[in-house]
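Notes for the one structure printed next.
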Amino acid sequence: MSETTENTQGAAGGASFAELFGQAEKTIKEGEIAVGRVLSIDNDYIQIDIGFKSEGMIAAWEFMTEEGEITVSVGDDVEVLVEEVENEDGQLVLSKEKAERLKVWDEISDAYDNENPVEGTIVARVKGGLSVDIGVKAFLPGSQVDLRPVRNLEALLGEKANFKIIKFNKRRGNIVVSRRALLETERKKMREATLTTLQEGQILDGVIKNLTDYGAFIDLGGIDGLLHITDMSWGRINHPSELFQVGDEIKVKVLKFDQEAERVSLGLKQIQPDPWIDAGMRYPLGMRIQGKVVSLTDYGAFIELEPGIEGLVHVSEMSWTKRVKHPSKVVSIGDEVEAVVLDVDERDRKISLGMKQIEENPWTVIEERYPVGTEVSGQVRNITDFGIFVGLEEGIDGLVHVSDISWTEQVKHPSDRFEKGDEVKAVVLKIDKENEKFSLGIKQLEPNPWDDILKKYTVGSEITGPITSVTDFGVFVRLEDGIDGLVYSSELAPERIENPSEHFSEGQEVTALVVKVDAHEQKISLSIRAVNDKAERAALKELAEQQSATQTTTLGDLLAEKLKGQGD
């Protein structure tokens with residue numbers, strides 16, 4: 001029994017309820033709220049006396065809690081709604097629940113008229129927003145929940161807050177509330193206070209309001225400032241969530257303040273010492289360091305030496321012998337590596353590191369292991385248009401240029417002769433330590449046959465052989481295995497032949513005279529026309545007798561010399 005009830009009973013003594021409250025039968029009207037006294041309670045009904053000629057009965061559940069406990073006792077005063085003074089059965093019909101609902105509607109109407117906030121509890125997620133219990137159900141649109149859009153409305157279920165009634169229609173039972181309207185009013189007051197004191201260089205307390213990929217928005221008190229990801233730490237940060245969560249309280253420094261636009265740029269790392277100061281002293285050249293790989297690019301790997309200090313290992317500084325195409329072939333993010341400091345630039349905040357310098361450069365001793373002229377063997381590791389790379393040891397490849405594959409055969413592409421994995425022998429021709437290049441030769445394993453060819457195929461000698469190829473500029477004639485001579489179109493017949501394929505074919509036997517032997521270019525020039533030309537034969541004979549002059553003198557050279565002599 002409440003204190004109010006006890007006082008009322010004490011004052012009234014044995015007076016009747018009607019006498020106490022001055023209520024007469026004629027004053028009881030349907031649709032009005034009356035004060036009644038609990039006369040009796042059973043499992044189904046509660047009897048209420050409101051001073052009328054008969055008592056009203058109200059279902060017991062209207063007085064029960066969710067746990068099923070009745071909230072009133074005999075003698076308690078309660079407010080009830082008079083639904084019917086006399087129903088078909090002649091009974092007085094009362095309702096406690098409807099009385100409370102009607103009273104709430106009156107309070108809501110008063111709050112709406114005076115723009116007073118009401119307290120409520122978010123109870124359900126509905127289409128377009130949330131349902132709020134403010135005594136009756138009200139609708140909270142999603143756009144009115146907060147100052148910023150809220151993605152997860154379900155997370156707000158069960159929360160209590162104050163709301164402003166922005167729409168009210170009692171007849172239709174329609175109520176729309178807004179939490180944002182109150183927050184905007186409160187935020188406006190805070191913003192005005194903050195703007196009067198805010199200035200660049202100031203260190204303030206703030207609350208993380210939102211996180212993005214590029215930074216964090218900090219509530220400074222009615223105004224938001226942006227803490228960019230690059231101003232969070234001297235070290236590397238991939239995402240602000242690595243350091244903060246929404247709701248965290250932090251201290252920040254005002255870096256820039258645009259009062260007209262109300263934009264504030266903030267910094268956190270600026271409160272802490274710059275790690276690059278005296279970095280050159282802490283990391284002298286040649287110093288061995290250990291660090292963690294924090295980033296990979298096409299050109300190298302960044303190693304964190306300490307928070308805010310990173311060094312770059314360029315791909316060219318990762319291995320003495322391996323051709324590193326991408327740093328991921330050597331290291332991975334998170335790896336602990338050892339390196340040597342190669343250069344420090346405090347002004348540009350750069351440190352160059354080398355991993356290969358941890359070990360001895362094998363190219364410094366390569367000449368001792370492979371002197372020029374040494375015969376070596378290895379597997380074909382790579383084939384290109386210009387030659388093959390032969391692996392001699394881990395990371396050391398020698399190049400056999402296409403011109404050093406054969407003395408006599410014209411190799412159009414190395415893949416015609418070799419496949420990856422083939423075992424080959426070669427001779428060391430040249431070592432370039434500075435450029436880390438190793439030249440090999442396969443043909444040098446055998447004597448140069450052109451030494452004998454010069455003696456065997458002298459200018460003016462006659463040869464017979466099959467045509468191996470017909471081209472637009474002449475035909476090739478086989479002299480012996482691996483040795484072909486070329487008959488240019490002008491030397492095929494007394495009259496120049498423009499289209500050799502109309503007169504000659506592969507496999508056709510022809511006789512020709514040797515007109516030029518070039519040992520350096522490894523070429524032999526032939527002439528079919530000169531076979532039947534007595535003058536040319538005589539000139540060639542004379543040229544053969546004058547071989548002491550030069551090995552590359554041609555028939556044309558000799559004839560030109562003779563003509564010059566005749567002119568003189």
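The values are calculated or read from the model by the stated rules, or taken from the named source; none is laboratory data. Here the structure is a predicted model, which is why all the values come from computation and not from measurement. Virtual Cβ from ideal backbone geometry, glycine too; neighbours counted across all protein chains shown.
Evaluating residue 383 against the criteria (1) out of contact with any strand residue (DSSP E or B) (no Cβ under 6 Å at 6 or more places or on another chain); (2) modelled with pLDDT under 90; (3) not in a helix (DSSP H, G or I) leaves one unmet condition, (2).
Say we look at the range 87-112 and pick out the residues that are of a type in the set (S, T, N, Q) and assigned to a loop (DSSP other than H, G, I, E, B); which of these is nearest to residue 173 (Cα to Cα)? Going through the qualifying residues, I end up with 87.
Exactly one residue among 424, 411, 402 is in contact with a strand residue (DSSP E or B) (Cβ under 9 Å, 6 or more places away or on another chain) and without any contact (Cβ under 8 Å) to a residue 24 or more places away in the chain, and that residue is 402.
Selection within the range 215-242: residues that are touching a strand residue (DSSP E or B) at 6+ places or on another chain (Cβ under 6 Å) and of a type in the set (Asp, Glu). The member of this set that is surrounded by the most Cβ atoms within 10 Å (Cβ to Cβ) is 224. Selection of first residues in the range 52-81 that are charged (D, E, K, R) and of second residues that are loosely packed, with under 14 Cβ neighbours inside 10 Å, restricted to Cβ pairs under 7 Å at least 6 apart or on distinct chains, gives the following pairs, ordered by first then second residue: 53/25; 76/1; 76/2; 77/4.
Is it true that residue 270 is modelled with pLDDT under 90, touching a strand residue (DSSP E or B) at 6+ places or on another chain (Cβ under 6 Å), surrounded by fewer than 17 Cβ atoms within 10 Å (Cβ to Cβ) and within 30 Å of residue 190 (Cβ to Cβ)? It is true that residue 270 is modelled with pLDDT under 90, touching a strand residue (DSSP E or B) at 6+ places or on another chain (Cβ under 6 Å), surrounded by fewer than 17 Cβ atoms within 10 Å (Cβ to Cβ) and within 30 Å of residue 190 (Cβ to Cβ). Could you go through the range 236-247 and let me know if any residue there is among the small types (Gly, Ala, Ser), part of a strand (DSSP E or B) and at pLDDT 90 or above. Within the range 236-247, none of the residues are among the small types (Gly, Ala, Ser), part of a strand (DSSP E or B) and at pLDDT 90 or above. Taken over the range 195-214, the criterion of being under 14 Å from residue 265 (Cβ atoms) and crowded, with 16+ Cβ neighbours inside 10 Å is satisfied by 198, 204, 206.
Note on the range 386-396: residues that are assigned to a strand (DSSP E or B) and modelled with pLDDT under 90 total 4.
Residues of the range 292-314 that are crowded, with 19+ Cβ neighbours inside 10 Å and more than 17 Å from residue 349 (Cα to Cα): 293 alone. Of all residues in the range 127-153, those that are outside the structural domain of residue 246 (by TED's automatic domain parsing) and within 13 Å of residue 180 (Cβ to Cβ) have Cβ atoms under 8 Å from Cβ atoms of residues that are of a type in the set (Ser, Thr, Tyr) and buried (at least 16 other Cβ atoms within 10 Å of the Cβ), 6 or more apart or on another chain, in 140/131; 140/178; 141/178; 144/178.
Consider residue 183 carefully, then state whether it is assigned to a helix (DSSP H, G or I), hydrophobic (A, V, I, L, M, F, W, C) and surrounded by 16 or more Cβ atoms within 10 Å (Cβ to Cβ). Give the steps one after another, and end with the answer.
Values: assigned to a helix (DSSP H, G or I): yes; hydrophobic (A, V, I, L, M, F, W, C): yes; surrounded by 16 or more Cβ atoms within 10 Å (Cβ to Cβ): yes.
So residue 183 passes the test.
Checking the stated criteria, residue 285 turns out not to satisfy the condition of being among the aliphatic types (A, V, I, L, M) and crowded, with 17+ Cβ neighbours inside 10 Å. Anything in the range 20-55 that is assigned to a strand (DSSP E or B) and at pLDDT below 85? List them, or say none. Scanning the range 20-55 gives 33, 34.
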